[in-house]
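Values quoted throughout were computed directly from the atomic coordinates according to the rules given, and no laboratory measurement underlies them. All of these numbers come straight from a predicted model, not from anything done at the bench. Don't worry about glycine lacking a Cβ; one is built from the backbone with ideal geometry, like all the others, and counts go over all protein chains shown.
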Amino acid sequence: MSRIQPTFERLAKEKRKALIPYLTAGFPFADITPELMHTMVGAGADVIELGVPFSDPMADGPVIQKAGEQALAFGVGLAQVLAMVKAFRERDAKTPVVLMGYANPVERYEFAHGDASFARDAAAAGVDGVLIVDYPPEECEAFAAQLKTQGLDLIFLLAPTSTEKRIQQVARVASGYVYYVSLKGVTGAGHLDTAAVEEALPRIRKHVKIPVGVGFGIRDAATARSIGRVADAVVIGTKVIQVVEDQPRENVSAALSAFLSGIRSALDLKG
């Protein structure tokens, strides 16, 4: 079993919502990622989503695309991302880490290292879950089985356009949590409609019996708190990248900590 299920079980007992920040690995500096992962935990993150840089990220908006391009220019690929997780694990054995990315880097890794090598090496590095944007549930049963053998969760996206059939397909394969994309479009696009999210979640929970996190469009403490009232987790990506992207290196951790601490406090407010 990964660290994800026990984390959500603990939070449920505490009547708290999970804070899941996203950061592109290797951004804004090639070697800063493990440090920033510890900063996230110190500021109240319950799960960390770590983006694997890819040259054609179809679901990502311009902010995360730019971060990925910079990380790629630094030479950060999947092997380097796994090394970053391993370095993080030297000081943190508890916080779940989820890799978020696309099929191409995984398939290239397996071409170089052998069948099922990704699941094996991700587990050895200390990864807990994987979200592959372009692996639909009906086409990745073998991949899901490889992950399960290594104790890793396979996490899927659902969207406002997801049909009843797609929700059922995801419910059969997904583990850890499901990530509900609150907006149509790419990351960082549009304005969050909390009422629409609240209306959508019962339709998802009719079939999905694991926690549901909500992301895309959460930018501040107020939107995080409103989503936290109805979801099990709040996922923040684009705004995290914006917080750190223009900071001098000596200020990156402090800026990230200040932002996430504000989100954590808002999620923990009673009433």
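Using θ = phi - 60° and the Karplus form 6.51 cos²θ - 1.76 cosθ + 1.60, what ³J(HN,Hα) does each residue of the range 252-261 get, whole Hz, x for Gly and Pro?
Couplings: 4, 4, 5, 5, 5, 4, 4, 5, 5, 4 Hz.
With n ≥ 4 as the cut-off for DSSP H runs, can you work out [θ] at 222 nm for the chain, using -39500 (n - 2.57) per run divided by the number of residues, rounded to the nearest 500?
When only DSSP H runs of four or more count, the value is -14500 deg cm²/dmol.
Say R0 is 45 Å: what FRET efficiency, to the nearest 0.05, do Q242 and F111 get from their beta-carbon distance?
Computed FRET efficiency for Q242 and F111: 0.85.
Round to the nearest 0.05 the FRET efficiency obtained for R172 and S55 when R0 = 22 Å and r is the Cβ-Cβ distance.
For R172 and S55, the calculated efficiency is 0.10.
Between A196 and K94, how many nm apart are label points set 7 Å from Cα along the C-beta direction?
In this crude label model, A196 to K94 measures out at 3.8 nm.
Run down the lysines and flag those whose C-alpha is under 20 Å from the C-alpha of K13, throwing out any fewer than 8 positions away in its chain.
Within reach: K94, K209, K270.
Give the aspartates and glutamates whose C-alpha is closer than 19 Å to that of K206, dropping any in the same chain fewer than 8 places away, or say none.
Straight-distance partners of K206: E164, E198, D232.
May I ask you to list the aspartates and glutamates whose Cα is less than 14 Å away from that of K239, ignoring any residue fewer than eight positions away on the same chain?
E49, D60, D220
Just one of (1) 48, 44, 34; (2) 69, 37, 33; (3) 43, 43, 33 is Cα extents along the principal axes in Å calculated from these coordinates, so which is it?
Structure-derived value, by its label: (1).
Which order do T149, T238, T223 fall in if you start with the one that has the fewest other Cβ atoms within 10 Å?
In increasing order of surrounding Cβ atoms, one gets T149, T223, T238.
If you place +1 on the Cβ of every Lys and Arg and -1 on the Cβ of every Asp and Glu, how big does the dipole about the Cα centre of the range 4-266 come out, in debye to the nearest 20?
It comes to approximately 980 debye.
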